[in-house]
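Beneath this line is the structure, given in structure tokens, with notes to follow.
Where a number appears in this text, it was derived from the coordinates with a stated rule and is not lab data. Every value quoted in this text rests on a predicted model; they were computed, and no experiment measured them. Heads up, the Cβs are rebuilt from the backbone with ideal geometry, glycines too, and the neighbour counts pull from every protein chain shown.
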């Protein structure tokens, strides 16, 4: 069971506001206070934030290309295991061989850029999305975060990452030590 928040505005994902409890949980998940968060893009079934959306320019003025940021420790660990398997190089080679996959990966890149652009233009980030898009696979965490936030059908390799990590939340885990599990 994949939990995706409601879609509104003709398919544009509506972010949830970050509560003060969410902020505490996210800080614990990241090991630092969250910066430039514009909302919660996906919640783990335990109820805690699992993906946050971040402003393209941080409060200190630094450009920040990673709009969808994976915070759930269980999901982060699952992605890290996949990355260690060499999957990123395999998928990068597949993008180079398969025109359909290359087009889908490029379309995911464009969708990511459009989502981020709603929260401000940052010239230094023009054409830069996340996870190696549009020509390679550099970070499965970014692809998983995008797929969870955007929902199925937006990021083909992100959707495949969702499938490969499986229901990472199905075994008891701690998204954070604070709050209820």
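Quick look at the values:
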| item | result |
| --- | --- |
| Order by protection proxy (mean Cβ within 10 Å, highest first), peptides 130-142, 114-126 | 130-142, 114-126 |
| Per-residue Cβ neighbour rank within 10 angstrom, fewest leading, 19, 129 | 19, 129 |
| Reciprocal mean inverse distance between Cα atoms of the chain - Kirkwood radius, Å | 16.5 |
| Cα gyration tensor shape of the stretch 45-114, rounded if a/c is under 1.5, else prolate or oblate by comparing a/b with b/c | oblate |
| Two-site label geometry, residue 135 and residue 16: point separation in nm, points 7 Å out along Cα→Cβ | 3.8 |
| Residue 101 paired with residue 27, simple spin-label distance in nm, labels 7 Å along Cα-to-beta-carbon | 4.2 |
| Protection proxy ranking, peptides 87-94, 51-58, average beta carbon neighbours within 10 Å, highest first | 51-58, 87-94 |
| Gain on full stretching of the segment that runs from residue 93 to residue 77 - 0.36 nm per residue minus C-alpha separation | 3.4 nm |
| Estimated 222 nm signal from helices in the chain, with DSSP H stretches of n ≥ 4 weighted -39500 (n - 2.57), rounded to 500 | -13000 deg cm²/dmol |
| Neighbour-count ranking [beta-carbon atoms within 10 angstrom, fewest first] of 69, 112 | 69, 112 |
